[in-house]
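Just below is one structure, and these are the notes that go with it.
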Amino acid sequence: MNKKNLLTVMLLLASSTCLRAGEKAYLHLDNSAYFLGDTLRLSAYVMDTDTKRLTDKSKVLYVDVVAPEGYVVEKRIYPLVNGRCAGDVYLRPFLLSGLYEIRAYTRYMQNDGQTNYFSQVIPVYEQVKNGQYSDLAIRKREVRNMGGRKCPIHKGIECVDGASSIMSNSQDKEQIVTASYNASTMMPYGVVTVKLKGQPGEHVSLSVLNGDNFMKDSNKGMVDFVSSAFSYSAPNAGKKYLPEQGITVYGKAGRLIRNSQQESSFEAMAQQELVPTLFLSNGYSQTKTTTDQQGIFATCLGKFMGDAYLQLKFAQLADSSIQTKFVVNEDMSPVLRKYTKDELKWQNTVQMGRRNVSVKHLKQSKSQFSSVCLDLIKEMDRLANEDENAVASTFSNLKISCGLLVHPYLCKEMGKMGAIEVGNSYWDNETDIPAGKIVNSNFTSITKYKKVILRSDNPACRYYSYLDSGSPASAGEWSVMNSGLALENPLPKRSDYSSMSMYPSLVACMILDTDHEWEKYLKYNQIPHTRYLKVSGFSSLLPYRLPNYSKSHPEHDYRRTLYWNPDLQLDENGEATIQFYNNGTCKKLHISGEGVSDDGRAIIVK
């Protein structure tokens, strides 16, 4: 196969009549609503709209958790196997409650438009104590499609109607899997047995919940997903993708041309041979690709977990004196859809079990946002991708860097801010207020750190007090209450403050670069005609373990999800028996199970 044909296989830039997206995605979640501190678990189904079966085309699924205002809080990438995969998202306690959106899509799906993605709004309520789930509270945030918005940052975000479904004329009926259990035998911390009966060999994702605190939703289920076609309100961007067979990077290669005012412009270079090299912890792999007539390239990096480094390099240049640049396409950003009236009702009242429960509203400061964890090399590389001159000045100043990074998340200009150093496992394990070394953000380089956790929640911000003695040397410093840190000019006690202005609006928790990633990043990007960048592979799964109370049990257990299996298979007789331990209060189960049969029919557990 010659280079031109190889490129055609990897990146299709033909007319839309040659290639339709031909895929649609669906997520079965383990619950309908969540509380801060919960883990959201999902089972994904991607169907081929031509064959009406689970797809064998795309091998990569993208999952985003999107804040009410419209920015992405968490991103996941999962490997699809025969159109299926499982995933999870930990809803960290120091996020802010609100109506989040979870969406899922393949790159191939984007051919039919930027609203071709699965979307479901999930309410994430404040944490509760001692299983008091009826004490619902949520922050009233500026939802992306609210009228009369005053937010200068988010009001300009494009927001369209979501995809509309059209029922097909298919006569195929869903397959039913029956589920049964003996409610009279359910005891606190006792063994619960659920039996399922369906067709031999069927696969379903199964969630068993405490029925008394299950919150009823109005979302469309698997039957609608399988039997419906969809129309999309946003046109595609003109690019046509083939199904991804692994982690794929797209971009443009070209040269920088400077005018007499030393302003630079980018000019794409056609038919240039490139040598992408992927560096993993256990070795490296190298391939070749060629830019097309518009200077566009694509390289499939295969299947790998976690982060890796990619070096893009021109194989050879006729004129080695020119200044070259690689512009790497950012992760796909589907157009935001508007929330519906039914979805907005999650903020006011819900049906929990057999009763209606009102939701308490908490005030939301415009300077607050959902806490995010950012990889600094990826973020700085993204800025360099847009303007390499602007980003160079941020390396020496942590305060400027954090200001750039936090800007998309705020609904007003940020007030006082500062930084502390925290441990490497902070984002993974820590839920309490961070304690660490104070960092002078005016005189510290961002290249000391590999990650930053940006927190704007009240517990974090009120834990720190701004130290403003009027001295330039102390600007950006923090006084940490009860931390044992000695300061030359200690602040008065908290009760002496009369204004919240003494508290920061942002706490930047910095994780040190102990692996010297910045050193390698800066060094290798000095090599002429190359670009060295950090790329994301597949996301790992959090372990799911059922509790074992055979010998003893805790004093309290308020689990809402009692059992979860993203891929339960019935035996040769079409049967399955599952057992798990009850929590301390559940007397009635809510069983939710869905799947897609080999012949493309919906499977429902009843």
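The values are calculated or read from the model by the stated rules, or taken from the named source; none is laboratory data. Here the structure is a predicted model, which means the values were calculated and not measured. Cβ atoms come from the backbone with ideal geometry, glycine included; neighbour counts cover every protein chain shown.
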- Query: Residues in the stretch 269-310 that are within 15 Å of Gly537 (Cα to Cα) and of a type in the set (S, T, N, Q): how many?
  - Reply: 5
- Filter pass, Phe297 being of a type in the set (Phe, Trp, Tyr), surrounded by fewer than 19 Cβ atoms within 10 Å (Cβ to Cβ) and in a strand (DSSP E or B): no
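Residues of the stretch 525-535 being part of a loop (DSSP other than H, G, I, E, B) and either closer than 30 Å to Leu410 by Cα or in contact with a Gly (Cβ under 9 Å, 6 or more places away or on another chain) (or both), which ones?
Initial filter on the stretch 525-535 (part of a loop (DSSP other than H, G, I, E, B)): 525-529.
Across the stretch 525-535, there are no qualifying residues.
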- Among the candidates Ser479, Ser465, which residue alone is surrounded by 15 or more Cβ atoms within 10 Å (Cβ to Cβ), outside any loop (DSSP other than H, G, I, E, B) and modelled with pLDDT under 50? Ser479
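When you scan the stretch 88-142 for strands (runs of 3 or more DSSP E) that lie fully inside it, which ones turn up with 1 or more residues that are surrounded by 20 or more Cβ atoms within 10 Å (Cβ to Cβ) and among the acidic types (Asp, Glu)?
Values: elements: 98-105, 118-125, 137-139.
Per the criteria, 98-105.
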- For Leu570, the lone unmet condition from (1) at pLDDT 95 or above; (2) closer than 27 Å to Met215 by Cα; (3) over 30 Å from the mean Cα position of the chain (by Cα) is (2)
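Residues checked against (1) under 20 Å from Tyr250 (Cβ atoms); (2) at pLDDT 95 or above; (3) not polar (S, T, N, Q):
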position: Lys52; (1), (2), (3): no, no, yes
position: Thr55; (1), (2), (3): no, yes, no
position: Tyr71; (1), (2), (3): no, no, yes
position: Ile77; (1), (2), (3): yes, yes, yes
position: Asn82; (1), (2), (3): no, yes, no
position: Phe94; (1), (2), (3): no, no, yes
position: Leu99; (1), (2), (3): no, yes, yes
position: Met109; (1), (2), (3): yes, no, yes
position: Asp112; (1), (2), (3): yes, no, yes
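Could you please find all residues in the stretch 571-592 being surrounded by 17 or more Cβ atoms within 10 Å (Cβ to Cβ) and in contact with a His (Cβ under 8 Å, 6 or more places away or on another chain)? Quick ask: steps written out before the conclusion?
So in the stretch 571-592, the residues surrounded by 17 or more Cβ atoms within 10 Å (Cβ to Cβ) come out as 576, 578, 580-583, 586, 589-592.
Within the stretch 571-592, Tyr581, Ser592 meet the criteria.
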- Task: Output the strands (runs of 3 or more DSSP E) that fall wholly within the stretch 550-601 and possess 3 or more residues being in contact with a helix residue (DSSP H, G or I) (Cβ under 6 Å, 6 or more places away or on another chain), or say none.
- Result: 589-596
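Got at least one residue in the stretch 241-257 being among the hydrophobic types (A, V, I, L, M, F, W, C), part of a strand (DSSP E or B) and surrounded by fewer than 15 Cβ atoms within 10 Å (Cβ to Cβ)?
Taking the stretch 241-257 and keeping what is among the hydrophobic types (A, V, I, L, M, F, W, C), we get 242, 247, 249, 253, 256-257.
Checking the rest, the ones that are also part of a strand (DSSP E or B) come to 247, 249, 253, 256-257.
With surrounded by fewer than 15 Cβ atoms within 10 Å (Cβ to Cβ) added as a condition, the list becomes 256-257.
Yes.
Is the stretch 594-601 home to any residue that is exposed (fewer than 13 other Cβ atoms within 10 Å of the Cβ), within 30 Å of Ser321 (Cα to Cα) and of a type in the set (Asp, Glu)? Steps first, answer last, please.
From the stretch 594-601, those exposed (fewer than 13 other Cβ atoms within 10 Å of the Cβ) are 598-599; that's our starting set.
Subsequent filtering for residues that are within 30 Å of Ser321 (Cα to Cα) retains none.
Within the stretch 594-601, none of the residues are exposed (fewer than 13 other Cβ atoms within 10 Å of the Cβ), within 30 Å of Ser321 (Cα to Cα) and of a type in the set (Asp, Glu).
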- Kindly indicate the residue of the stretch 300-332 that is part of a loop (DSSP other than H, G, I, E, B) and of a type in the set (Asp, Glu) and also modelled with the lowest pLDDT among those meeting that condition. Asp331
- Query: Taking interchain pairs and intrachain pairs at least six residues apart, which have beta carbon atoms under 7 angstrom, with the first residue in the stretch 309-331 and in contact (Cβ under 8 Å) with a residue 24 or more places away in the chain and among the small types (Gly, Ala, Ser) and the second surrounded by 16 or more Cβ atoms within 10 Å (Cβ to Cβ) and in a loop (DSSP other than H, G, I, E, B)?
  - Reply: Ala315/Val275
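Out of the residues in the stretch 536-549 that are assigned to a loop (DSSP other than H, G, I, E, B) and within 22 Å of Tyr309 (Cα to Cα), which is nearest to the chain's Cα centre (by Cα)? Break it down into steps so the answer makes sense when it comes.
Residues of the stretch 536-549 assigned to a loop (DSSP other than H, G, I, E, B): 537, 539-549.
Imposing the further condition that a residue be within 22 Å of Tyr309 (Cα to Cα) reduces the set to 537, 539-541.
Values: Gly537: 13, Ser539: 10, Ser540: 13, Leu541: 13 Å.
In this case the residue turns out to be Ser539.
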- Message: Criterion first (surrounded by 13 or more Cβ atoms within 10 Å (Cβ to Cβ), among the hydroxyl-bearing types (Ser, Thr, Tyr), touching a His at 6+ places or on another chain (Cβ under 6 Å) and at pLDDT 95 or above) does Tyr181 satisfy it?
- Response: no
- Item | When residues of the stretch 492-524 are limited to those that are modelled with pLDDT under 65 and either hydroxyl-bearing (Ser, Thr, Tyr) or assigned to a strand (DSSP E or B) (or both), the one nearest to Phe94 (Cα to Cα) | Ser501
